[in-house]
Amino acid sequence: MEALVGLFEPGPAWKIDLQGPSSLPPEPLEGNVEYKLKLVGPSASRFEHLVTQMKWRLREGQGEAIYEIGVEDNGMLAGLCEDDMTASLETLRQMAQRLGATISVLRERVVVEGENGDAAMQKKAAEILVRKVPDDQNTIDLRVAVLGNMDAGKSTLLGVLTQGELDNGRGRARLNLFRHLHEIQSGRTSSISHEILGFNSQGSIVNYQKLQTAEEICENASKLITFIDLAGHQKYLKTTIFGLTGYSPHFAMLVVSANGGVAGTTKEHLGLAMALDVPIFVVVSKIDEIGRASCRERV
């Protein structure tokens, strides 16, 4: 997945963008990312090979694979015309259907603009998500440990992500994550709590579809992300260590407050995740409270 960073700018699918990079690193031999220049009219034997290849990529990604269409094996963004892109997506859909998987277009990008703005002459590259729930599972399950110093906004961030509503500025979004009265009163987590975020086969979030209970979310989701909210206060460091070692998270999300910077237990949490060889990504919170220049200085 690291190879895809910077290919497409954040935004909705079908967004035109000519400002991104013109190439990617060469296609990785291992992992769940596959580059394809085009998939137009493959022969029967070629189709069988492509299906086998997709099955392997899905196994590498534990039920998920990313296909980059219109991209050469060396990473060059060549792009496809509209007819070739449509035919390639149809072939990809048939491949996925053969394996009982589904596909959804995450986004696409114009890499070659048509002359005089002619849309028919445009060439595009597309990013496709292929998803198949493993045969021995009901859903694809991913566990993410949430780390960071106290008052970094970890619980509020999770509340907003799982409920789909912004905080009111007084901590309403985090209330559902607290388990004890003293947590509600102080606004600080002292125990281990869980929140789930469900996605259907098309990649849409099911938490926001008026599903009130965890059972309903699990029944309607093909992929579940379980967030493990851990304590940020130094006093509860042992609890945080237990959460990291006992729940075996696939990833660690390190939340850093823009107005506080790398302070308190942030370095300790980062060191723990690195020592346990847990992949880490960083989320900067509260960026609306300070300017961009101040954020760069503190974070």
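The values are calculated or read from the model by the stated rules, or taken from the named source; none is laboratory data. The shown structure was predicted, so the numbers you read here are calculated from the model rather than taken from an experiment. With ideal geometry, Cβ positions are generated from the backbone for all residues, glycine too; neighbour counts draw on all protein chains shown. What goes into the accessible areas is simple: the full protein's heavy atoms, side chains included, and nothing from ligands, DNA or RNA. Shrake-Rupley method; radii C 1.70, N 1.55, O 1.52, S 1.80 Å.
Rolling a 1.4 Å probe across all protein chains gives Lys235 an accessible area of roughly 140 Å². Debye-formula intensities of the stretch 52-167, expressed as log10 I(q)/I(0) at q = 0.16 Å⁻¹, are -0.88 (one equal scatterer per alpha-carbon, no solvent). Checking the cross-link pairs Lys124/Lys154; Lys36/Lys223; Lys36/Lys132; Lys238/Lys286 against a 31 Å limit on the alpha carbon distance flags Lys124/Lys154 as lying beyond it. Once divided by 2.2 N^0.38 Å, the Cα radius of gyration of the stretch 67-113 becomes 1.22. Here the simple spin-label model places points 7 Å from the Cα toward Cβ, and for Ser201 and Val284 these points are separated by 4.0 nm. Ranked from largest to smallest solvent-accessible area, with a 1.4 Å probe on the protein heavy atoms, Glu68, Glu289 come out as Glu289, Glu68.
Comparing Cα centroids, the stretch 75-110 and the stretch 214-232 end up 30 angstrom apart.
Ranking Thr102, Asn74, Thr86 by Cα position along the charge dipole of the stretch 65-104, where only Lys, Arg, Asp and Glu carry charges on their C-beta atoms, puts Thr102 farthest toward the positive end.
In this structure Leu89 has an accessible area near 40 Å², from a 1.4 Å probe over the protein heavy atoms. What the Cβ-Cβ distance of Leu276 and Val160 gives, at R0 = 35 Å and to the nearest 0.05, is a FRET efficiency of 0.80.
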